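A.B. asks: Before I ask anything, here is the structure I am working with.
The values are calculated or read from the model by the stated rules, or taken from the named source; none is laboratory data. Predicted model only: the values in this text are computed from it and were never measured. Cβ placement follows ideal geometry from the backbone for every residue including glycine, while neighbour counts extend to all protein chains displayed. Surface areas here come from the heavy atoms of the whole protein model, side chains and all, with no ligands, DNA or RNA. Shrake-Rupley method; radii C 1.70, N 1.55, O 1.52, S 1.80 Å.
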Amino acid sequence: MEESERDVAKRRISKRNVERLRAFRDKGELKQSLVSALAAASSDGAASGDAGGGGAEGRNASGFRFSIDRGGTFTDVYALCPGEAVPRCVKLLSVDPANYPDAPREGIRRVLEAATGVPHPRGERLNSSRIEWIRMGTTVATNALLERDGARTALLVSKGFADVLHIGSQARPDIFDLRVRCPGVLYEAVVEVDERVVLAKSEPPGEESAARRGLRRVRGETGEQVLIEREPDLDALRGKLAALRASGVEAVAVVLMHAYTYRQHEEAVAALAREVGFAQVTTSSSTLPMVKLVPRGYTATADAYLTPHIKAYLASFVAGFDDDISKVKISFMQSDGGLAPADSFCGFRAVLSGPAGGYIGYAKTAHTPGGPPVIGFDMGGTSTDVSRYAGSVEQVFEARLAGVTIQAPQLDIKTVAAGGGSRFFFREGRLAVGPQSVRAHPGPVCYRKGGQLATTDANLLLGRIRPEHFPRIFGPDEDQPLDAGAPSFSGTRAAFEAMLSGEVHPFYEATSPAGAPPRRMSVEQLAHGFLEVANEAAMCRPIREMTQMRGHDAAAHVLASFGGAGGQHACAVARSLGMTRVYVHRHASILSAVGIALADVVVEKQEAAALTLGEPGAAERVSVRHAALAAAVEEQLAAQGFAPPLLRTDRFLNLRYAGTDTAIMVSEPAAGGGAYAAAFEAQHRREFGFTFAERPVLIDDIRVRGTGLSPPAPAAPTAAASGALPPPTSVGRTYFESGWEETPSYSLQSLAPGNVLEGPALLLDDISTVVVEPNCTATVTATGHLEILAAPAEGAPSPSGDADPVQLSLYSHRFMGIAEQMGRTLQRTSVSTNIKERLDFSCALFDASGGLVANAPHIPVHLGAMQDAVQLQQRRWEGDIHAGDVFLSNCPHTAGGSHLPDLTVITPAFLPGDGDAPAFWVASRGHHADIGGATPGSMPPFSHSLSEEGARIVGFRLVSRGVLQEEGVRSILAKSRNLTDNLSDLKAQVAANEMGLRLLASLAAESSLAAVRSYMHHIQANAEATVRAMLRAFAARAGLGANGVCTAADQLDDGSEIRLAVTIDAAAGSATFDFSGTSPQSYSNLNAPRAVTYSAVIYSLRALCDTDMPLNQGCLAPVTFVLPEGCLLNPGETAAVVGGNVLTSQRVVDVVLKAFGACAASQGCMNNLTFGDETYGYYETIAGGAGAGPDWDGRSGVHTHMTNTRITDPEVLERRYPVVLRTFSLRAHSGGGGAHRGGDGVVREIEFLRPTDVSILSERRAVPPYGLAGGEPGVRGQNLLLPAGGGAGPTVSLGGKAFVRVEAGARLRVLSPGGGGYGAPAEAYSGGSRAK
C-alpha cells in the first residue's frame, strides 16, 4: 500500500465502501491480501498464504505463533501455523470499530479460522487453546505521547523543584522562533514533597558546616554517603494526594533528588499514593536509577502517563479470548529491541515498540556476518525512521521523542517528520518539503478532499504511483478513484500549475535581471524537484548523521528499505549517498511484524554506582553486584521457560572520565572484568578521537542484560532460479531526471528467483511500490527478496547564471549539513563542560572571500561575528597562507571576536588544481572555561580594560603546514587556569574544521568546484532576497511609505542608552540601522564589539523573517550600519567587553525587535554566574522569561535570543561541586501583564559548602524588560546573598554585577527577570498564574 493509503485509512471505512471493496475484489482487480487489509467486515476475508521469506518460515509442529505490529494506521499479522511451511500474513486497519473491536485479535481470528477450517465467530471469545505465543509491537504508547492523550498525571517532586521539568535544559528548540514553542509537560499538577537528601562531601572532619554535622548519614546504593536533611512529611502530603485523586488524576510520578542512590523517600511517598487510591504510581528510581534528575524525571512521568493506556489496551485485548489465554505466552516488543512479558511491559520502555520490530527485522535478514553494515530506511506516511546495524544492535540510553526525554536502553533510531504526507512550499526561490504534514485528512491533493500538495502528489503525477491499483475510496463521499480524472490527474496537476503560476514564475519575473528572460519550469520539473529536495533534506541528511557524523562512510552501507513508501525513494536515496546496494525484503511492508517474530526475550537490570575503576576493592564490588543482577535476570528468564543454551547474560559498566559528563556503556571484555579500562579507552578513542591518560575512570552504572534466545529459525525455503521474466502487467510513462520514460510494471508475486529487471521498472504488490530507477538493476533472490544494484548518481548540472530552485535547496541542505557535522565532531572530541555539555560553540562555512555561507544554528551571538574573524585573518596573512595551516584569534576589536573566552579556529581549504588561493574557509568558535584574566572563568564583573579579561590573540598560526604549534599556544595561554583543557578543546576545534574541509572537498568532487562556488553565491543571494522581502512587507504593513523610519531606545542598568533609527527603503527592500545617539563607550565591561552588534542584528533579521531560510552574509547585504566610533556598540581597542557580549547583545536585540514592533522585551540578560576556588571553577548562564507577542504568551524559564546554552542537571551539579541547589523553579508572576503575558523568570538558589569566590554578571536589575502595545513590563531581576545557615544576618542585594567571597553555608539566590507583556491587560485581570 502506498503511503497515501496508510494515511487515509486512519479514517473509518464505511459499510458502503466495504461493499465497493468486495466488488473491486470480485472483478479480480485487487489481491486477496488487500481485501484482508481493508474489507474487514467480510466474514470470508480469511488470511491468505504468502510465499515465505526472512528466516522465520518453516514447519511449526507445536502451536500457532503470532507476531503482530499494531501501528497507528494498520495492523500487520505474521503467523507461523502448525503443519505449514509458509507463514500467513494479514494486514488490516488498526481502528475499524464498525467491524471489529480490536485489530490484533481480529487478525488472529482470521488466521485461526482459515488455517483450521473451524469457524471462529467474530462476536464470541476466541478459543486460544491452539496458540503457543503472541508477540506484539504497538504504537499505543507512542501515539499517546505524540497526541498528548495519556492518563491524567501529577508530579510529586522535591521541594524547591516544582518546575524543574518545565525548565529542563533551559534551551529552546528553535533559536529563531520568537514564540519559543516548546512541547508541554505530561503532568497537569505538581505537589512539592517537603523532604531532602544531600550528598556528603569529603571535607575533613570539623570542616563541615554546623548545620550538616548533626544530620543522619547513610550509605547510598551507589556507595556514596548521603545525609538525610528532612524525611518526607507524609501527614502533610496525604491531604494533597487525596485532593488530587478526588479531582480525577489517575497516575503520579515520584521524582526526588538523589533517588538514584537513596530511594527510600520515593518508596515511602509511593506507598502513601497507593494507599490514597492511585492505581499507577511510578518512582524515578524504579524506571532506571541513573544520575540526572531531569531525564529521570521525564522518564518517570512518561511511564506514569503511558502505562495506564498500555494496561487498559492489554486488558481489552485479553478479554476477547477464553480462559486458556492465561496459558499463552504474551509478550511485547520494547524500545531496546527485546521482548518483555505482558505483565512487565510499561510505558517508558514502549515508545519505540513498533520501530524496534522493523530494526530487528532488517538486522536479522539484510545483514550477513562479516558483510557490510546496513542502514534501515523505514518510510511511512508522516515520518521516516533511520537506523544502522553493523553486527550488533546500536543503542542509546537517552533519547528525545515528542519533546520528552526518555532515559532507558533503546535502539538508536532517528525519526524525522518526513513521509508521503510531507507538505510542499515555495519560499523565495527555494523548494521546501515539510516538516508540516497534510495528514490523513484532508490529505494530499490527490485524495480529492481539498488537501495540499505533498510527496504523494508528486509521486502520482510522475507516474510512480499507479491509481488503478487503488480502490475507489477517495473524495468527499469516499467513492472516487485516486485523482484519476481526465486528462491526467487533473486535481494534482492543477495544484502544481497553480503553484507555478501563482508563486514560482512571478518570483522569477520579479527577480530576473533586466533584459534576461525569467526562468520557467514545467509541472513535471517542479514535482521532480520537490522529490529531490525531499530525498536530500528528509532522508539523506539523517542517514549522513547516522554515518558520516560518527566516522562511517555512508557509501559502504547497504540500504534496507521497508515501510509503505520506502520503495518509491530507495534507489534515489541510495544513489545520492553513493550506496550501490538496496535490499527489499519480500515482506517489506510488514517487516516490523517479521522482526517481532525473530526477536529475543530481554530482561534488563541496572544499578547506579559511584566507584572508580581500578581503585582498591572496586573490582570485587562490581563483581558481586554483577552477580546479584545476573541472578535476578536469570530468575526472571527461567520463569519464562528459558534455560542454557538459550539463556545468555551480558554484563556492562557505564564509564566516564572524571570531570566529564559523557559516559559510555562498555560490555565486559572477553578477557574479563580486569580489561574494562582498555576496552573503555579503545571505545572512547573510536568515538571521540582521544583519551585522558591522566584522568581516573568513574563507574556510573552497573548493568546486566539477560537474553532468552528465540529458537533458531529454520532456513528460508528457496526456489530454483528462473530466468524467464513474466510479461509486465502494464506499461506506462514515469518521469525521471532525464524526462518521461516508458516504464513496465510487474507484480511482485509474479516474479521468480533469478529474475533480473533493468530499470526503469515499477514492482507492485498490494500494499507498496518499488521504483527501480534507470541505471539500476533489480534481482529476485533465491528466498524471494529483492536486491537492487544502484549506479552512482550523476553530478549536479553545470551552474548557469541564475539559481535553479531545486539545486538551491539541495546545496542549502548540504552546506548546513556540513556545518552541523562540524558541530557534532566538535562536541564529540572536546573535553570541557562548556563545549561538550553546555554546547557553547558554533561552526560555519565561508566562501573564498570569507563571506558566511552556512552557520549551523548553535549560539546566536556567534552568528554574524565569525565572518569578520575570517576576513581579518585573510588580510593579516595574505600571501602567507598554505595548505595545512590553521589560524587562531579571539580579539574582539581587531580580529572579529565576541569576547576573549570565545576562541575562533579558522582553516583555509585548498583543493587540487585550484591554484594557490583557498577555495573556501571553515571556522569554529568555542567558549573556553578560562584563558587568564582577573578572575576564574575569565569573566570579571568589574573589568575596565580588555587586559583584565584574559589572553588577547589578534592572530596566531595554530597549525603550520600540518604541525601543531603547541609551545606557542602554551606561551599565549600561560595564565590560563586550565591550560590542559584549552589545548584539548583547540585540538577538537581543529578536528571539527578538518571534518568540514573533507566534506566540502567531497561535495566539490561529487558535483564540481564551479557548482559549489556558484551555489554558495546563490544561497547568499537568496538570503538577501528573503530579508529584502521581509523589509518591504514590514514597511507596507506599518505604513512607512517610501523611506519611512521606525525608532526605538532602551537603557542599561548603568544609564547607558542604546538608540536606533531604522530607515527602510521600501522600493529597494533595504534598511539603514543608525545607532547614532547611543551612549559613549563605557568604563565598565558592557561595551559590545562591532562584530557582536552585527550578530545581534543578523539574529533579529533572521527571526523577523519567520521562515526557514539559510543564515549567511546575505542577511546583512540589504543593511547599512551607522555605528559611531567610540560608542557603546563600537568601542575602542582597549575597552573591556565581557559584559557586552553576554548582556549588551541581548539589549541590542530588544531594541531592534522593539523598533519593528515584533514582541515585548525578553529578560535581556544571560545571568552569568561563575564560582570556584583554587581547586575548581564552574560557569553557567541562567534562563529567564521570554517576551510576549501579538498572538502568544511569553515562554517561562527559557534562554532567549543571543544564547541557548544548556544548564547542568541538579544532581550532577551537587555530585561534582561543593554546593547544594536549594531551589530551581519559576519565579511566579514575574512576567509582565497584558493581553498576552510575558514569561516568568526563574529562582535559582545555591548553597556553598565551603568558602567560595562568586562572580555574577547580569542586567535588568534596575531597568525592567519593557512591555509593548500597552503590555506591562516584566519584573526586574535580583541577586541576593543570604546569610549562612539561614542565620540572623541580613540578606544583601549584590546588584547586577558583583564579585564576593562567601563563607561556608552562605546562599546565592538569583531571581531572573520576567518577559514583558504584549497588549493592554484585560480589565478583569487581577494577577495570578497563567499557562507556562
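A.B. asks: Restricting the search to the stretch 493-535, which residues are charged (D, E, K, R) and touching a residue at least 24 places away in the same chain (Cβ under 8 Å)?
C.D. replies: Of everything in the stretch 493-535, those that are charged (D, E, K, R) and touching a residue at least 24 places away in the same chain (Cβ under 8 Å) turn out to be R493, E497, E503, R519, E524, E532.
A.B. asks: When the stretch 844-874 is examined, which residues are found to be in a helix (DSSP H, G or I) and open to solvent by 10 Å² or more (accessible area, probe 1.4 Å)?
C.D. replies: Q867, D868, Q871, L872, Q874
A.B. asks: Moving to a separate point now. Of all residues in the stretch 389-403, count the ones that are touching a helix residue (DSSP H, G or I) at 6+ places or on another chain (Cβ under 8 Å) and surrounded by fewer than 23 Cβ atoms within 10 Å (Cβ to Cβ).
C.D. replies: Total meeting the criteria: 4.
A.B. asks: Here's a follow-up. Can you name the residue in the stretch 483-492 that is modelled with pLDDT of 70 or more and over 35 Å from the mean Cα position of the chain (by Cα) and, of all such residues, is most open to solvent (accessible area, probe 1.4 Å)?
C.D. replies: In this case the residue turns out to be G491.
A.B. asks: When E967 is evaluated against the numbered criteria (1) exposed (fewer than 14 other Cβ atoms within 10 Å of the Cβ); (2) within 18 Å of E949 (Cα to Cα), which criterion, by number, is the only one it fails?
C.D. replies: (2)
A.B. asks: Can you tell me which residue is nearest to F562 (Cα to Cα) among those in the stretch 356-415 that are in a strand (DSSP E or B) and among the aromatic types (F, W, Y)?
C.D. replies: Top of the filtered list is F377.
A.B. asks: Still on this structure, I have one more. Across the stretch 577-595, which residue is most open to solvent (accessible area, probe 1.4 Å) among those that are modelled with pLDDT of 90 or more and polar (S, T, N, Q)?
C.D. replies: That would be T580.
A.B. asks: Give just the number: which of (1) touching a strand residue (DSSP E or B) at 6+ places or on another chain (Cβ under 8 Å); (2) polar (S, T, N, Q); (3) at pLDDT 95 or above does N1043 not satisfy?
C.D. replies: (3)
A.B. asks: Restricting the first residue to the stretch 1217-1246 and requiring it to be at pLDDT below 95, which pairs with a second residue that is open to solvent by 20 Å² or more (accessible area, probe 1.4 Å) and of a type in the set (F, W, Y) meet a Cβ separation below 7 Å and a spacing of at least six or different chains?
C.D. replies: From residues that are at pLDDT below 95, the pairs are Y1217/Y1176.
A.B. asks: Okay, next question. Might you let me know whether the stretch 296-310 holds any residue that is surrounded by fewer than 24 Cβ atoms within 10 Å (Cβ to Cβ) and over 24 Å from R705 (Cα atoms)?
C.D. replies: The answer is yes; a qualifying residue exists.
A.B. asks: Right, something else. Checking the condition out of contact with any Cys (no Cβ under 7 Å at 6 or more places or on another chain), closer than 27 Å to Y262 by Cα, surrounded by fewer than 17 Cβ atoms within 10 Å (Cβ to Cβ) and touching a residue at least 40 places away in the same chain (Cβ under 8 Å), which residue from A658, A631 passes? Show your work before the answer.
C.D. replies: Values: A631 fails: touching a residue at least 40 places away in the same chain (Cβ under 8 Å).
Result: A658 is the single residue among A658, A631 that is out of contact with any Cys (no Cβ under 7 Å at 6 or more places or on another chain), closer than 27 Å to Y262 by Cα, surrounded by fewer than 17 Cβ atoms within 10 Å (Cβ to Cβ) and touching a residue at least 40 places away in the same chain (Cβ under 8 Å).
A.B. asks: Also, I was wondering about something else. Give the residues of the stretch 317-355 that are under 23 Å from L598 (Cβ atoms), part of a helix (DSSP H, G or I) and open to solvent by less than 10 Å² (accessible area, probe 1.4 Å), sorted by residue number.
C.D. replies: F317, S353, G354
A.B. asks: If A1298 satisfies all but one of (1) surrounded by fewer than 22 Cβ atoms within 10 Å (Cβ to Cβ); (2) part of a loop (DSSP other than H, G, I, E, B), what's the number of the condition it fails?
C.D. replies: Of the numbered conditions (1) surrounded by fewer than 22 Cβ atoms within 10 Å (Cβ to Cβ); (2) part of a loop (DSSP other than H, G, I, E, B), the odd one out for A1298 is (2).
Residues checked against (1) among the small types (G, A, S); (2) closer than 21 Å to V164 by Cβ; (3) in contact with a strand residue (DSSP E or B) (Cβ under 6 Å, 6 or more places away or on another chain); (4) surrounded by 13 or more Cβ atoms within 10 Å (Cβ to Cβ):
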{"position": "L215", "(1), (2), (3), (4)": "no, no, yes, yes"}
{"position": "G220", "(1), (2), (3), (4)": "yes, yes, yes, yes"}
{"position": "V226", "(1), (2), (3), (4)": "no, yes, yes, yes"}
{"position": "E229", "(1), (2), (3), (4)": "no, yes, yes, yes"}
{"position": "K240", "(1), (2), (3), (4)": "no, yes, yes, yes"}
{"position": "A246", "(1), (2), (3), (4)": "yes, no, no, no"}
{"position": "V249", "(1), (2), (3), (4)": "no, yes, yes, yes"}
{"position": "V255", "(1), (2), (3), (4)": "no, yes, yes, yes"}
{"position": "A259", "(1), (2), (3), (4)": "yes, yes, no, yes"}
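A.B. asks: Here is a further query. Please specify each residue of the stretch 809-843 satisfying the condition of being among the hydroxyl-bearing types (S, T, Y) and either outside any loop (DSSP other than H, G, I, E, B) or open to solvent by 10 Å² or more (accessible area, probe 1.4 Å) (or both).
C.D. replies: First, the residues of the stretch 809-843 that are among the hydroxyl-bearing types (S, T, Y): 809, 811-812, 825, 829-830, 832-833, 842.
Matches in the stretch 809-843: S809, Y811, S812, T825, T829, T833, S842.
A.B. asks: Looking at (1) of a type outside the set (A, V, I, L, M); (2) surrounded by fewer than 22 Cβ atoms within 10 Å (Cβ to Cβ); (3) assigned to a helix (DSSP H, G or I), can you tell me which one N993 breaks?
C.D. replies: Going through (1) of a type outside the set (A, V, I, L, M); (2) surrounded by fewer than 22 Cβ atoms within 10 Å (Cβ to Cβ); (3) assigned to a helix (DSSP H, G or I) one by one, N993 breaks only (2).
A.B. asks: Any idea how many residues of the stretch 1283-1306 are closer than 18 Å to V1138 by Cβ and at pLDDT below 90?
C.D. replies: 0
A.B. asks: Filter the stretch 1218-1251 for residues that are in a loop (DSSP other than H, G, I, E, B) and closer than 30 Å to G223 by Cβ and give the result.
C.D. replies: P1218, L1249, R1250, P1251
A.B. asks: How about the stretch 72-124: which of its residues are of a type in the set (V, I, T), in a loop (DSSP other than H, G, I, E, B), more than 26 Å from L145 (Cβ to Cβ) and open to solvent by less than 40 Å² (accessible area, probe 1.4 Å)?
C.D. replies: From the stretch 72-124, those of a type in the set (V, I, T) are 73, 75, 77, 86, 90, 95, 108, 111, 116, 118; that's our starting set.
Then keep just the ones that are in a loop (DSSP other than H, G, I, E, B); that gives 73, 86, 95, 118.
Checking which are more than 26 Å from L145 (Cβ to Cβ) leaves us with 86, 118.
Matches in the stretch 72-124: none.
A.B. asks: When both residues are 6+ apart or on different chains and their Cβ atoms are under 6 Å apart, which pairs have a first residue that lies in the stretch 142-169 and is touching a residue at least 24 places away in the same chain (Cβ under 8 Å), and a second that is among the acidic types (D, E) and open to solvent by less than 10 Å² (accessible area, probe 1.4 Å)?
C.D. replies: Short answer, once both residue conditions are applied: none.
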